[in-house]
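Notes follow the structure.
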Amino acid sequence: MKVAIGGPLKVTFRPWVEGLENIPAEGAAILASNHLSFSDSFFLPAVLDRKVTFIAKAEYFTTPGVKGKLTAAFFKGVGQLPVDRSGARGAGEAAIRSGIQVLEQGELFGIYPEGTRSPDGRLYRGKPGGLARVALATGAPVIPVAMIDTEKIQPPGKVLPKIMRPGIRIGKPLDFSRYQGMEHDRFVLRALTDEVMYEIMKLSGQEYVDIYATAAKRQIADAAKAEKEADKADKAARAALAKAERDQAAKEQAEKSTGDRDRPAS
């Protein structure tokens with residue numbers, strides 16, 4: 001897959017990279033990245049010599065039929081790990097178990113602390129559960145990563161990608177051994193996550209927003225819905241006004257016609 005997909009990606013888009021020396025040649029490490037585009041999970045592994053394992057919803061691996069089998073083979077080939085999102089705590093616990101398993105095998109585990117893609121290119125608050133708990137459970141160093149301009153390559157709604165150079169900045173590994181054994185302390189989980197997000201912000205240059213990206217997406221969707229409803233109400237009001245003006249004009253015309261008939265001939 002590095003040859004079949006990574007090679008063409010590098011040739012076509014020519015991503016620039018800074019900080020490759022911060023990726024260890026061997027051993028476990030967590031790559032904590034901002035998330036701007038679906039393509040982030042392809043560009044980052046493409047520029048590294050080592051395999052990077054990300055998590056993906058299990059549906060990508062269980063869809064029946066030929067298309068489903070091809071999709072499953074593709075995601076397995078590019079290092080995606082299926083996560084069953086069912087159950088009380090869903091994807092969070094599944095992601096943690098998957099991350100620990102990957103790191104215990106001495107591999108690289110990729111994770112997006114924001115939990116979802118940024119809706120507007122800004123950097124959002126990191127979720128403390130997955131990243132912090134995996135880091136403290138394994139003792140693996142956390143390497144902050146900044147994806148740059150990947151959202152401009154294929155914005156939402158665009159089918160064909162724009163050929164341009166995205167960037168990848170890789171920061172120095174962060175050691176959180178001082179928090180070892182404190183993985184159940186929510187203040188520690190929050191502090192660890194915020195420290196990583198601060199490093200990502202410095203690398204990416206993004207504006208930081210201290211709310212979760214999922215909440216921002218809901219706000220954007222609610223605002224779009226409100227705007228649509230307001231536009232619909234405005235159109236209805238204008239239509240009602242136009243009808244009232246037509247009715248008034250018709251009434252005045254009828255009254256004029258009646259007056260003309262009733263006026264005595266000279």
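The values are calculated or read from the model by the stated rules, or taken from the named source; none is laboratory data. Since the model is a prediction, treat every value here as computed from it, not as a measurement. Please note: Cβ atoms are built from the backbone with ideal geometry, for glycine as well, and neighbour counts cover all protein chains shown. These area figures cover heavy atoms from the full protein model, side chains too; ligands, DNA and RNA do not enter into them. Shrake-Rupley method; radii C 1.70, N 1.55, O 1.52, S 1.80 Å.
What does the charge count near LYS158 come to, summing +1 for each Lys or Arg and -1 for each Asp or Glu among other residues with Cβ under 11 Å from its Cβ?
Summing Lys and Arg as +1 and Asp and Glu as -1 gives +1.
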Checklist entry - Around GLN219, what is the net charge, scoring Lys/Arg as +1 and Asp/Glu as -1 over all other residues with Cβ under 11 Å from its Cβ? => result +1
Item to check | Extension gain (nm, one decimal) between ARG238 and VAL11, 0.36 nm per residue minus Cα-Cα | outcome: 76.3 nm
Checklist entry - So what does GLU18 come to for accessible area, using a 1.4 Å probe and Å² rounded to 10? => result 90
Item to check | Net charge, LEU174 excluded, C-beta distance under 10 Å - Lys, Arg +1, Asp, Glu -1 | outcome: -2
Item to check | Share, in percent, of DSSP beta bridges within the chain that are antiparallel, nearest 5 | outcome: 20
Checklist entry - In whole percent, what relative contact order does the stretch 122-266 give with Cα contacts below 8 Å and a gap of six or more residues? => result 30
Checklist entry - Using the eigenvalues of the Cα gyration tensor, what equivalent ellipsoid semi-axes result for the stretch 152-245 when each is taken as the square root of five times the eigenvalue, whole Å, largest first? => result 45, 22, 9
Next on the checklist: Solvent-accessible area of ILE163, probe 1.4 Å, all protein chains present, reported in Å² to the nearest ten, please.
Outcome noted: 110
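Let me have the 222 nm mean residue ellipticity of the chain computed from DSSP H runs of 4+ only, each contributing -39500 (n - 2.57), with the sum over all residues rounded to the nearest 500.
Working: 8 runs with 125 residues, N = 266.
Per the formula, -15500 deg cm²/dmol.
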Next on the checklist: Just to compare against my own numbers: the Cα pair-distance distribution for the chain, 5 Å bins, whole % per bin, please.
Outcome noted: 1, 5, 10, 14, 16, 14, 10, 6, 4, 3, 2, 2, 2, 2, 2, 2, 2, 1, 1, 1, 0, 0, 0
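Just the number: Rg to Rh for the stretch 89-203, Cα atoms, Kirkwood Rh, two decimals.
Values: Rg = 15.4 Å, Rh = 15.3 Å.
We get a ratio of 1.00 for the stretch 89-203.
Which sequence of THR214, THR193 reflects their accessible areas, 1.4 Å probe, from the largest down? Write down the numbers at each step before the final one.
On the way: THR214 45, THR193 0 Å².
The most accessible residue leads, giving THR214, THR193.
Taking 0.36 nm per residue of separation and subtracting the Cα-Cα distance, what length does fully extending LYS256 through ASP149 add?
Details: separation 107, 0.36 × 107 = 38.52 nm, distance 6.77 nm.
Value of the extension gain: 31.8 nm.
Ranked by accessible surface with a 1.4 Å probe, highest first, in what order do ARG190, ARG165, ARG133 come? Working shown, then result.
Values: ARG190 40, ARG165 105, ARG133 65 Å².
So, going from the largest accessible area down, we get ARG165, ARG133, ARG190.
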Checklist outcome for this item: Ranking THR116, THR150 from most to least accessible area with a 1.4 Å probe gives THR116, THR150
